[in-house]
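A short write-up of the structure that comes next.
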Amino acid sequence: MNNAFTAALSPLTDLVFGASLYFPPLFKAVLAGFFLWLLIHPVLRGWIYSGEIWHPTLLDLSLFILCVSASLWLLMAFV
């Protein structure tokens with residue numbers, strides 16, 4: 001009965017294993033980019049929300065995207 005149970009879950013196991021092979025670089029980049037953003041954001045927060053920037057939330061989001069892109073580049077270059 002145990003063998004029939006694992007045979008029934010085999011496609012799901014293959015799907016989960018395949019997803020774990022494909023997605024972690026993106027997840028690692030988002031996680032590393034988030035920590036990079038956490039370092040940079042407090043430094044620039046006063047300038048972003050001072051009124052000089054037309055849309056501070058948009059700049060904040062684009063700063064996060066730049067941090068994720070930079071961390072993905074670092075992951076591809078050094079890992």
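The values are calculated or read from the model by the stated rules, or taken from the named source; none is laboratory data. Here the structure is a predicted model, which is why all the values come from computation and not from measurement. Please note: Cβ atoms are built from the backbone with ideal geometry, for glycine as well, and neighbour counts cover all protein chains shown. When the accessible area is computed, the model is the full protein with side chains, heavy atoms only, and any ligands, DNA or RNA have been set aside. Shrake-Rupley method; radii C 1.70, N 1.55, O 1.52, S 1.80 Å.
Just checking, which of 23, 34, 5, 27 is at pLDDT below 60 and open to solvent by 70 Å² or more (accessible area, probe 1.4 Å)? Don't jump to the end; show me each part of the working.
Values: 23 fails: at pLDDT below 60; 34 fails: at pLDDT below 60; 27 fails: at pLDDT below 60.
Exactly one residue qualifies, and that residue is 5.
Among the residues of the stretch 45-79, what is the count of those that are touching a helix residue (DSSP H, G or I) at 6+ places or on another chain (Cβ under 7 Å), open to solvent by less than 90 Å² (accessible area, probe 1.4 Å) and over 17 Å from residue 31 (Cα atoms)? Lay out the reasoning, then the answer.
Going residue by residue through the stretch 45-79, those that are touching a helix residue (DSSP H, G or I) at 6+ places or on another chain (Cβ under 7 Å) are 48-49, 53, 56, 59-60, 63-64, 67-68, 70-72, 75.
Going one step further and asking which of them are open to solvent by less than 90 Å² (accessible area, probe 1.4 Å), we end up with 48, 53, 56, 59-60, 63-64, 67-68, 70-72, 75.
Checking which are over 17 Å from residue 31 (Cα atoms) leaves us with 48, 53, 56, 59.
The total comes to 4.
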*Which one of these does residue 14 not meet: (1) farther than 25 Å from residue 79 by Cβ; (2) at pLDDT 90 or above?*
(2)
